[in-house]
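A.B. asks: If you scroll down you'll find the structure; I have some questions about it.
The values are calculated or read from the model by the stated rules, or taken from the named source; none is laboratory data. Since we're looking at a predicted model, the values are computed, not measured. Please note: Cβ atoms are built from the backbone with ideal geometry, for glycine as well, and neighbour counts cover all protein chains shown.
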């Protein structure tokens, strides 16, 4: 089944928004900047995304969906928060290795850094960013529950937050910006995350 014209237009607008965030590094980009990059009028952009926060939220949601799909395809691990079945050490090893590879994409790192910069001075963009991390953490919570079903929910949430923080911090420090990426460092990140997820 082919995508609807509306879905294709939305995808093209989101592609343009990502391009602005990645290549121009314009954390304070206005709707007119995103519209210009897409070759459309601001009114056309606002038909799909009424506010900058709506656009940023859609960019982040699509980035998360793409990442989850790639991770699922590469590892075979069901990442839906409600997924059932245990999560073994081999499963988490494959998943965490693939996640580190995801976090090695400089375009993705730059896009997230620009959104962070925007969120620091724009409350609505900050809300979109919080929504993204809430969804991201929910997927990690599902993995923790599958690995350690005996944990109380408060501890599941704490572990998931720690794993998300570890990988998000690593995305920046391992990037070309900070330059701290090493094979032993990557191995240590994975060991730490496995210890958090499995408790061993």
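A.B. asks: Do we have residue 86 as assigned to a helix (DSSP H, G or I) and either touching a strand residue (DSSP E or B) at 6+ places or on another chain (Cβ under 9 Å) or surrounded by fewer than 19 Cβ atoms within 10 Å (Cβ to Cβ) (or both) here? Quick ask: steps written out before the conclusion?
C.D. replies: On the way: assigned to a helix (DSSP H, G or I): no; either touching a strand residue (DSSP E or B) at 6+ places or on another chain (Cβ under 9 Å) or surrounded by fewer than 19 Cβ atoms within 10 Å (Cβ to Cβ) (or both): yes.
Criteria not met by residue 86.
A.B. asks: Mind telling me which of the residues 118, 129 ends up being at pLDDT below 85, crowded, with 19+ Cβ neighbours inside 10 Å and part of a helix (DSSP H, G or I)? Break it down into steps so the answer makes sense when it comes.
C.D. replies: Details: 129 fails: at pLDDT below 85.
Every option except 118 fails the conditions.
A.B. asks: So which residues in segment 168-191 are touching a helix residue (DSSP H, G or I) at 6+ places or on another chain (Cβ under 6 Å) and surrounded by 15 or more Cβ atoms within 10 Å (Cβ to Cβ), if there are any at all?
C.D. replies: Result: 170, 171, 175, 186, 189, 190.
A.B. asks: Do the conditions hold for residue 139, that is, is it within 19 Å of the chain's Cα centre (by Cα), modelled with pLDDT under 85, surrounded by 16 or more Cβ atoms within 10 Å (Cβ to Cβ) and closer than 26 Å to residue 55 by Cβ?
C.D. replies: On the way: within 19 Å of the chain's Cα centre (by Cα): yes; modelled with pLDDT under 85: no; surrounded by 16 or more Cβ atoms within 10 Å (Cβ to Cβ): yes; closer than 26 Å to residue 55 by Cβ: yes.
For residue 139, the condition - within 19 Å of the chain's Cα centre (by Cα), modelled with pLDDT under 85, surrounded by 16 or more Cβ atoms within 10 Å (Cβ to Cβ) and closer than 26 Å to residue 55 by Cβ - is not met.
A.B. asks: Turning to a different aspect of this structure: Among the candidates 181, 148, single out the residue that is farther than 23 Å from residue 70 by Cβ, touching a residue at least 40 places away in the same chain (Cβ under 8 Å) and over 19 Å from the mean Cα position of the chain (by Cα).
C.D. replies: Details: 181 fails: farther than 23 Å from residue 70 by Cβ.
Matching residue, one of 181, 148: 148.
A.B. asks: Something else now. Among what's in segment 1-25 and is loosely packed, with under 15 Cβ neighbours inside 10 Å and under 15 Å from residue 111 (Cα atoms), pick the residue that is modelled with the highest pLDDT.
C.D. replies: Taking segment 1-25 first, the residues loosely packed, with under 15 Cβ neighbours inside 10 Å are 1-8, 11-12, 15, 23-25.
After this cut, where a residue has to be under 15 Å from residue 111 (Cα atoms) as well, the list is 15, 23-25.
Details: 15: 91, 23: 81, 24: 76, 25: 68.
Once the filter is applied, the top-ranked residue is 15.
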